[in-house]
1. Looking only at region 97-130, filter to residues that are open to solvent by less than 70 Å² (accessible area, probe 1.4 Å) and among the β-branched types (Val, Ile, Thr); which one of those is nearest to the chain's Cα centre (by Cα)?
2. Take the conditions of a type in the set (D, E, K, R) and closer than 20 Å to Thr126 by Cα and apply them to Lys58. Does it pass?
3. Search region 34-56 for residues that are farther than 17 Å from Ala24 by Cβ and pair each with any residue that is modelled with pLDDT of 90 or more and not hydroxyl-bearing (Ser, Thr, Tyr) when their beta-carbon atoms are under 9 Å apart and the residues are at least 6 apart or on different chains.
4. From the list Leu57, Leu50, Leu69, pick out the single residue that is open to solvent by 70 Å² or more (accessible area, probe 1.4 Å) and of a type outside the set (S, T, N, Q).
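The values are calculated or read from the model by the stated rules, or taken from the named source; none is laboratory data. Predicted model, so just to flag it, every value in this text is computed and none were measured. When we count neighbours, we look across all protein chains shown, and the Cβ atoms used for this are built from the backbone with ideal geometry, even at glycine. Calculation scope for accessible area: heavy atoms of the full protein, side chains included, ligands and nucleic acids excluded. Shrake-Rupley method; radii C 1.70, N 1.55, O 1.52, S 1.80 Å.
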Amino acid sequence: MKKEDVPQDNSSLSKSNLKEVVYATDKDGKYEAALSSGWEAKTIVLNESLDLIEEQLKETIQKIKSGQLSPIAYYMELQRMDIAILSSYVGYWQWRVKKHLKASTFNKLKEKTLLKYAEVFEISVTELKNPKI
């Protein structure tokens with residue numbers, strides 16, 4: 001795309017007065033960086049994915065309230081982590097993290113284990129035990 005054709009759509013980037021670097025050709029046909037506030041197709045896709053994440057978070061909150069999941073699941077989704085990533089951060093096997101996602105197991109965890117999770121999520125153990133959901 002030519003530099004003068006770089007889209008400047010009213011996306012979430014433009015509302016925050018941010019620009020994204022894209023590459024476009026100049027008048028000589030050489031690539032150079034150009035700033036874009038986004039374009040419609042990308043904005044639609046980003047908004048859809050954010051809506052899906054929000055919906056999934058609401059489902060997780062309901063499962064926590066009903067006693068199916070532990071608060072670890074809430075903070076994991078809030079931080080956009082999956083089991084593999086969280087497992088690597090806390091230093092536990094993935095099967096162990098999966099087990100900790102169950103409310104019944106979570107309620108029996110030792111303070112030392114809870115502290116590891118709290119440190120990863122950058123919250124206190126109290127916040128981990130009692131999320132504001």
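1. Val120
2. For Lys58, the condition - of a type in the set (D, E, K, R) and closer than 20 Å to Thr126 by Cα - is not met.
3. Ile53/Glu77; Ile53/Arg80; Gln56/Glu77
4. The unique qualifying residue is Leu50.
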